[in-house]
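The block underneath contains the structure these notes are about, expressed in structure tokens.
The values are calculated or read from the model by the stated rules, or taken from the named source; none is laboratory data. As the structure is a prediction and not an experimental result, all values here were calculated from the model. Virtual Cβ from ideal backbone geometry, glycine too; neighbours counted across all protein chains shown. Side chains included, ligands, DNA and RNA excluded: accessible areas come from the protein's heavy atoms. Shrake-Rupley method; radii C 1.70, N 1.55, O 1.52, S 1.80 Å.
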Amino acid sequence: MKLFVDTGDVEEVRLAAEWGIIDGVTTNPTLIAKSGKGFKETVLKICELVPGGAISAEVVATDYDTMLKEALEISSWHEQIVVKVPLIESGVRLVSTLSDKGIRTNVTLVFSVGQALMAAKAGATYISNFVGRVDDLGADGMEAVRDTVDMINTYGFESEVLVASVRHPMHVLESIRAGAHVATMPFSAMKMLFKHPMTDSGLARFLDDWNKAGLSIS
Ligand code: E4P
């Protein structure tokens, strides 16, 4: 499964990239606004920090013609850029156009299998199914992910299911169980994946025993 970090903060990208385990980065208008830096500048820096990674950058218009202009502009910045497009009618039309041109897309704000079907039919590279925002409403956000993975596999669509709006390691575990292709998460949630209390206590014990014995490597 691919792991993307969901951030507009280049320092977080730098730290995650150092681990050597990230396959890409997702941004959205909120995250870019939060970064306090320019859009193009931020996205290009992220491309540089994650060589070969898929870097999602989102259009902000909602009418087809302007969305197309934005998408062509954004995708011209760097070959690693994946154009992120909201799941609205003009967005699905845009994804069909970009797909015909060989431009990769990430369809965002997908909450249902019906929406995912529209994205897959249009040729989306990634379908971003949001889970945390659904859980916040007291429903099961992973349900649509499971059904969408089944749909993709049953009909042989080429789109990858990207689990977005991830809040904690259980979402990652459930994404693996569902057979999702990608999970994107905030840097803070990614750091939680390292954690297990027995790793900490086990390491403390190893080091304590080593030091008490007065050993050294060389
Ligand atoms: C996905 O690409 C989105 O940027 C993101 O996962 C949204 O997550 P949120 O619900 O935490 O804002």
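Per-residue packing, averaged as other Cβ atoms within 10 Å, sorts the ranges 23-34, 101-112 into the order 101-112, 23-34, beginning with the highest.
Ignoring lysines fewer than eight residues from LYS45 along the same chain, the ones with Cα atoms less than 23 angstrom from its Cα are LYS2, LYS34, LYS37, LYS69, LYS84, LYS191. Within the straight-line cut-off of under 30 Å between alpha carbons, the lysines reachable from LYS212 are LYS195, sequence neighbours fewer than 8 places apart in one chain being disregarded.
Decide, for the stretch 1-109, between rounded, prolate and oblate: order the square roots of the alpha carbon gyration tensor eigenvalues as a ≥ b ≥ c, take rounded if a/c falls under 1.5, and otherwise choose prolate if a/b is larger than b/c, else oblate. The shape class here is prolate.
Distance between the pseudo-spin-label points of LYS101 and LYS34 (7 Å out from Cα toward the beta carbon): 3.0 nm.
Sorting 195-203, 40-48, 82-90 by average packing, meaning the other beta carbons within 10 Å per residue, from highest down gives 82-90, 40-48, 195-203. Taking the protein heavy atoms of the chain in the context of the full set of protein chains, the accessible area attributed to carbon and sulfur is 55 percent at 1.4 Å. Excluding ligands, DNA and RNA, the accessible surface per residue across the stretch 2-194 is 46 Å² with a 1.4 Å probe.
Over the chain, DSSP H runs of length four or greater, each weighted -39,500 (n - 2.57), average out per residue to a 222 nm ellipticity of -15500 deg cm²/dmol.
Taking 0.36 nm per residue of separation and subtracting the Cα-Cα distance, full extension of the segment from PHE194 to ILE176 would add 4.9 nm.
Among the chymotrypsin sites (Phe, Trp or Tyr not before Pro) found in the stretch 158-218, those both in a DSSP coil and sparsely packed, with 16 or fewer other Cβ atoms within 10 Å of their Cβ, are PHE194.
How big is D, in µm² s⁻¹, for the stretch 2-194 by Stokes-Einstein at 4 °C and 1.567 mPa s if Rh is the Kirkwood radius over C-alpha pairs?
Details: Rh = 16.4 Å.
Result for D is 79 µm²/s.
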